[in-house]
Amino acid sequence: MSEMNPVRSLQEPSPHVRRRDSASIMMLDVILALLPLLIFSFIIYRLDALKVFGISIPTMLLAEWVFVMIKGKMPYDGMKHSFQEKFLYAIKSYTPLNALAPLVSALIYGMCLPASTSWYGVFIGALCGIVFAKLVFGGTGHNIFNPAAVGMLITRLSFSSSMTYSPIYWTEGTSPIIDITTGGTVLSGISSGGYSSIADISLLDLFLGKTQGAMGEVCKVLILVGLLYLLLRQAIDWRITFTYIGTFTALMAIASIAIASSGLVDNFNAWHFIGFEFLSGGMLFGATFMLTDPVTSPVTKPGRYMYALIAGCLTVIIRLFSSSPEGVGYSILLANLLTPALDYPKWASSRWTWKKALLVGGIIFAVILVLLLGIYYGGKIS
Amino acid sequence: MIAKARHIELPAVLLSHQELEEAPLPLFVFLAGTNGRCASYTLDVKEGDHVKIGDKLGMRKGPFFEQPIISTVSGTYLGIEKHLHHTGKTCDFLKIQNDFQDELSSLCHERSEEEIASLTKDDVLNIMKDMALVGLGGSSFPSYVKLQGEHDIHTIVINGVECEPSLASDHRLMLEHPHEIIEGVKYLMKAVGAKEGKICAKWIYKDLESTFSSALAGEEGSGVSYCQVYNFYPQGWEVACIKSATGIEVESGHLPAEYGVLEYNVATIYSLYLAIRYGTPLLERYVQIHGDGVVNPKFFKVRIGTPIQDLVALCGGYTDSGKKKRLIFGGPMMGNTVNSDDVICSPTVTSLLVLDEAPYKADPCVRCGSCVYSCPTHLMPVLIASAVKAGDKAKVKSLHPERCVECGLCAYACTSHINVTEFVRRAKRIAKL
Ligand code: SF4
Ligand code: SF4
């Protein structure tokens, strides 16, 4: 009875709709959030910024492209294919995400470097970062370590002599914020010179970025702008960022009270100390752009809280007690290393359990104990 | 996006609300012999026999139950034909030529108020069996089974939530038949000795709120109340609906009855009302034909047994977009596709959603965790998916895929457009091996 055009049907498993969203959109959001920092570095560091990003971006993009070409092999179907066919097949497997993911890594990596890094330092770090931290694991989504953090550490460790952390251009003519003969960041100042060497650094200058350090890490106000954007777009998990920052600040507050009460340091201003630790180095940048990389963080809520908590504790411990001034990179990588354990199917759960709560309590207790003992008896901070 | 998915956003074309139309009675009505749950049947009629509404034409045989095949039309029985059940299975259907007289069988007898008042729980249970009442929320599970237990029931929850976006059949039923539904609840409450009967619908339906507040006026002592629940997906899921209505959280692997609660779909209650009061089967359902694949989406009142092709033809047929169509029975989240439109409206069919092909290209999982955040049963779909990919059966089992209710949220929420739900379904099969 029905005079209809016949229907060509297609079967597919439910659900039949998807949220308007994609991994590429998430990457684009991160790039947008980095944009103010990128502009800042180009204004302040000019050619040096061009050098760093001009090397890191093509290196990482190219490495990923080569990887896709190798991985995108045609499945064996018993027929001979010309090179051209194979090449076209591989090209087809190159998706927008294959371009955006390394772009994000390259930008973050570049931001973690001081402008004075030599070009080969940038190149080697970028290459090692993407190849050893990501591609050998199977590409986007399979990596355990954050490629940008790995690249940064390789460069900072192997080429530290080429980095002079020169005072930034906009303070030229005025006196450098701290004595830069040590050639380090403000944090390396406290590490080598003790609290007295930072006692008169203006927190406002730190906040606005009138200081020295890695290109993307110095201007806190722009990082906060990026953070706000990412949170609004839900491109990162606020649980990670806030837990990390919260842990860091709380532990630094405890440390500063301990230092003040121990009387080890003269003229100690606890508020200034906390503010200084908060605003110096890569803590905010790491909390916004690196620790939150979803690929290298756990997938459950309790897992994410624990992950950020542990990273925060590690950062504080490394900053206060190790000879290395900056603990962010290491603590991120160490936390990355814990991710598979936190996501281990037998232990992971999407809700809090008593065991997990106890574990968290234990960690907090242990870390505070270490802090207090270290400060009272270690005497590293003087 | 790293966020829990609670609302399903649909393209605007799917949301057009339609006026109800009465579909012309079909020339031929088809009654399922076999169906999704029943694999065989016996017949009590011969070709050429005259049948009436309410006549029992045979017995369907399920795995542990039997149910009569009841005619929804009067006319001549013509024999068996093969068509599709809405689950996609090819089934035997009894073909009846409609004589448009709608004669009632002598088997249908009206019960007086006194008779109804004297019905016991076993009587109601037998009526459910005799009238082949099944869960009309989509499960098609025989309704009497829920009544069999020995648990004390204090509350009956009537689920009219219909949480899938764009579906409106239960909403319409509640608007048109509030009194019948309230009576049905009262019958059932009396039979099982429940004190409360909660009729649940989404709070956003203001028209339902006013309909029921006037229908319930004067019913204060009866224990029946109208209960507004959230507008989240999947509120219509039994466990979520009970939680919102009563605050009781039914643990996975347990029956609501163990907590003193029974849950029935509104349409089931309506069919129970008809069965008890008039002794007739459910004859009609509200069926939506919608989606961007049909020319004029419409909303029909349909005689059960009508071929769905007739309804699509009334909507002007399929659009000519050159794309393949997905023929989805049910909503966009949980509906299943079938490979042909040769489907008969069984009592559980309330919607045919025709969507143009729109493939989703999957990226590698970025471990954003949205699937974990979204899962209403607190599973970790991403970990299940990777355990399935790794072929690790022990791991799959330790993640409890059997708790999944296949709501589809994990796939809906997936940042990388991976059909995570499909992985969890595979995990269920692996875990069962
Ligand atoms: S389909 Fe299953 S696993 Fe996925 S969100 Fe729903 S209940 Fe959870
Ligand atoms: S499966 Fe999808 S939703 Fe789940 S973590 Fe991976 S990308 Fe996110």
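I'd like to know if the stretch A:24-31 contains one or more residues that are out of contact with any His (no Cβ under 9 Å at 6 or more places or on another chain) and within 16 Å of ligand 1 (Cβ to nearest atom). No, the stretch A:24-31 has no match at all. Screening B:34, B:72 for residues that are within 26 Å of the chain's Cα centre (by Cα), open to solvent by less than 30 Å² (accessible area, probe 1.4 Å) and modelled with pLDDT under 90 leaves exactly one candidate, B:34.
For residue B:332, state whether it is within 22 Å of residue B:93 (Cβ to Cβ), touching a residue at least 60 places away in the same chain (Cβ under 8 Å), assigned by TED's automatic domain parsing to the domain that holds residue B:299 and not small (Gly, Ala, Ser). Considered against the rule, which asks whether it is within 22 Å of residue B:93 (Cβ to Cβ), touching a residue at least 60 places away in the same chain (Cβ under 8 Å), assigned by TED's automatic domain parsing to the domain that holds residue B:299 and not small (Gly, Ala, Ser), residue B:332 comes out as no.
The condition of being in contact (Cβ under 8 Å) with a residue 40 or more places away in the chain, at positive phi and touching a Leu at 6+ places or on another chain (Cβ under 6 Å) holds for only one of B:279, B:260, B:291, that being B:291. Assessment of the stretch B:263-273 against the conditions (more than 20 Å from residue B:185 (Cα to Cα) and either in contact with a Lys or Arg (Cβ under 8 Å, 6 or more places away or on another chain) or surrounded by fewer than 20 Cβ atoms within 10 Å (Cβ to Cβ) (or both)) yields no matching residue.
The residues of the stretch B:327-338 that are within 7 Å of chain A (Cβ to nearest Cβ) and either among the hydroxyl-bearing types (Ser, Thr, Tyr) or open to solvent by 10 Å² or more (accessible area, probe 1.4 Å) (or both), listed by number, are B:334, B:336, B:337.
Do you know which residues across the stretch A:226-284 are β-branched (Val, Ile, Thr) and closer than 13 Å to residue A:312 by Cβ? Hits for the stretch A:226-284 are A:240, A:241, A:243, A:245, A:247, A:249, A:254. When residue B:341 is tested against (1) over 30 Å from residue B:26 (Cβ atoms); (2) open to solvent by 10 Å² or more (accessible area, probe 1.4 Å); (3) assigned to a loop (DSSP other than H, G, I, E, B); (4) at the interface with chain A (Cβ under 8 Å from one of its Cβ atoms), just one condition goes unmet, and that condition is (1). Among the residues making up the stretch B:383-400, a single one is within 13 Å of ligand 1 (Cβ to nearest atom) and open to solvent by 20 Å² or more (accessible area, probe 1.4 Å): B:400. Can we say residue A:327 is away from chain B (no Cβ under 12 Å) and either small (Gly, Ala, Ser) or surrounded by 24 or more Cβ atoms within 10 Å (Cβ to Cβ) (or both)? Here the answer is yes, as residue A:327 does meet what is asked.
Is it the case that residue A:250 is farther than 21 Å from residue A:341 by Cα and open to solvent by 10 Å² or more (accessible area, probe 1.4 Å)? Before the answer, list the steps.
Numbers: farther than 21 Å from residue A:341 by Cα: yes; open to solvent by 10 Å² or more (accessible area, probe 1.4 Å): yes.
It is true that residue A:250 is farther than 21 Å from residue A:341 by Cα and open to solvent by 10 Å² or more (accessible area, probe 1.4 Å).
Which one of these is open to solvent by less than 40 Å² (accessible area, probe 1.4 Å) and within 13 Å of ligand 1 (Cβ to nearest atom): B:415, B:377? Being open to solvent by less than 40 Å² (accessible area, probe 1.4 Å) and within 13 Å of ligand 1 (Cβ to nearest atom) holds for just one of B:415, B:377, which is B:377.
Which ones in the stretch B:296-313 are more than 9 Å from every other protein chain (Cβ to nearest Cβ), among the hydrophobic types (A, V, I, L, M, F, W, C) and not in a loop (DSSP other than H, G, I, E, B)? So that I can check it myself, show each step before the final result.
Start the filter on the stretch B:296-313 by keeping residues that are more than 9 Å from every other protein chain (Cβ to nearest Cβ), which leaves B:296-306, B:308, B:311.
Next cut, among the hydrophobic types (A, V, I, L, M, F, W, C) only: B:299-300, B:302, B:304, B:308, B:311.
Passing the criteria: B:299, B:300, B:302, B:308, B:311.
Taken over the stretch B:330-370, the criterion of being within 16 Å of ligand 2 (Cβ to nearest atom) and farther than 27 Å from residue B:139 by Cβ is satisfied by B:360, B:361, B:362, B:363, B:364, B:365, B:366, B:367, B:368, B:369, B:370.
Name the residues in the stretch B:200-251 that are aliphatic (A, V, I, L, M), in contact with a Ser or Thr (Cβ under 9 Å, 6 or more places away or on another chain) and part of a loop (DSSP other than H, G, I, E, B), would you?
Restricting attention to the stretch B:200-251, the residues satisfying the condition of being aliphatic (A, V, I, L, M) are B:201, B:204, B:208, B:215-217, B:224, B:229, B:239-240, B:242, B:245, B:248, B:250.
Narrowing further to those that are in contact with a Ser or Thr (Cβ under 9 Å, 6 or more places away or on another chain): B:216, B:229, B:239, B:242, B:245, B:248.
B:216, B:248, listed by residue number.
For residues that are open to solvent by 40 Å² or more (accessible area, probe 1.4 Å) and of a type in the set (Ser, Thr, Tyr), scanning just the stretch B:209-224, find the one that is farthest from ligand 2 (Cβ to nearest atom). Working first, answer last.
Keep residues of the stretch B:209-224 that are open to solvent by 40 Å² or more (accessible area, probe 1.4 Å), which gives B:209-210, B:213-214, B:217-218, B:220-221.
Now restrict to residues that are of a type in the set (Ser, Thr, Tyr): B:210, B:213-214.
Working: B:210: 40, B:213: 41, B:214: 45 Å.
By that ranking, first place goes to B:214.
Residue-by-condition table, conditions (1) assigned to a strand (DSSP E or B); (2) open to solvent by 50 Å² or more (accessible area, probe 1.4 Å); (3) in contact with a Leu (Cβ under 6 Å, 6 or more places away or on another chain); (4) under 29 Å from residue A:16 (Cα atoms):
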residue: B:109; (1), (2), (3), (4): no, yes, no, no
residue: B:150; (1), (2), (3), (4): no, yes, no, no
residue: B:170; (1), (2), (3), (4): no, no, no, yes
residue: B:198; (1), (2), (3), (4): yes, no, no, no
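For the stretch A:265-324, which positions are without any contact (Cβ under 8 Å) to a residue 40 or more places away in the chain and part of a loop (DSSP other than H, G, I, E, B)? Residue satisfying the conditions is A:322 alone. Remark: pairs (first residue in the stretch A:13-40, more than 8 Å from chain B (Cβ to nearest Cβ); second residue open to solvent by 20 Å² or more (accessible area, probe 1.4 Å) and of a type in the set (Phe, Trp, Tyr); Cβ separation under 7 Å; 6+ apart in sequence or on different chains) = A:32/A:229; A:33/A:229. Residues that are within 16 Å of ligand 1 (Cβ to nearest atom) and surrounded by 20 or more Cβ atoms within 10 Å (Cβ to Cβ) within the stretch B:351-366 comprise just one, B:365. Restricting B:429, B:326, B:403 to residues that are within 9 Å of ligand 1 (Cβ to nearest atom) and within 30 Å of residue B:90 (Cα to Cα) narrows the list to B:403.
Of everything in the stretch A:341-362, what is charged (D, E, K, R), open to solvent by 40 Å² or more (accessible area, probe 1.4 Å) and either touching a Cys at 6+ places or on another chain (Cβ under 6 Å) or not in a loop (DSSP other than H, G, I, E, B) (or both)? Give them in sequence order. Steps first, please.
We begin by selecting, within the stretch A:341-362, every residue charged (D, E, K, R); these are A:343, A:346, A:351, A:355-356.
Still in the list and also open to solvent by 40 Å² or more (accessible area, probe 1.4 Å): A:346, A:351, A:355.
A:355 - this is the single residue of the stretch A:341-362 that is charged (D, E, K, R), open to solvent by 40 Å² or more (accessible area, probe 1.4 Å) and either touching a Cys at 6+ places or on another chain (Cβ under 6 Å) or not in a loop (DSSP other than H, G, I, E, B) (or both).
Checking each residue in the stretch B:326-346 for being within 10 Å of residue B:86 (Cβ to Cβ), in contact with a helix residue (DSSP H, G or I) (Cβ under 8 Å, 6 or more places away or on another chain) and of a type outside the set (Val, Ile, Thr) picks out only B:345.
The values are calculated or read from the model by the stated rules, or taken from the named source; none is laboratory data. Remember, predicted model here, so these are calculated numbers, not experimental data. Methodologically, a virtual Cβ is constructed for each residue, glycine included, from the backbone with ideal geometry; neighbour enumeration extends over all protein chains shown. Heads up: the accessible areas ignore ligands, DNA and RNA and are worked out on the full protein's heavy atoms, side chains in. Shrake-Rupley method; radii C 1.70, N 1.55, O 1.52, S 1.80 Å.
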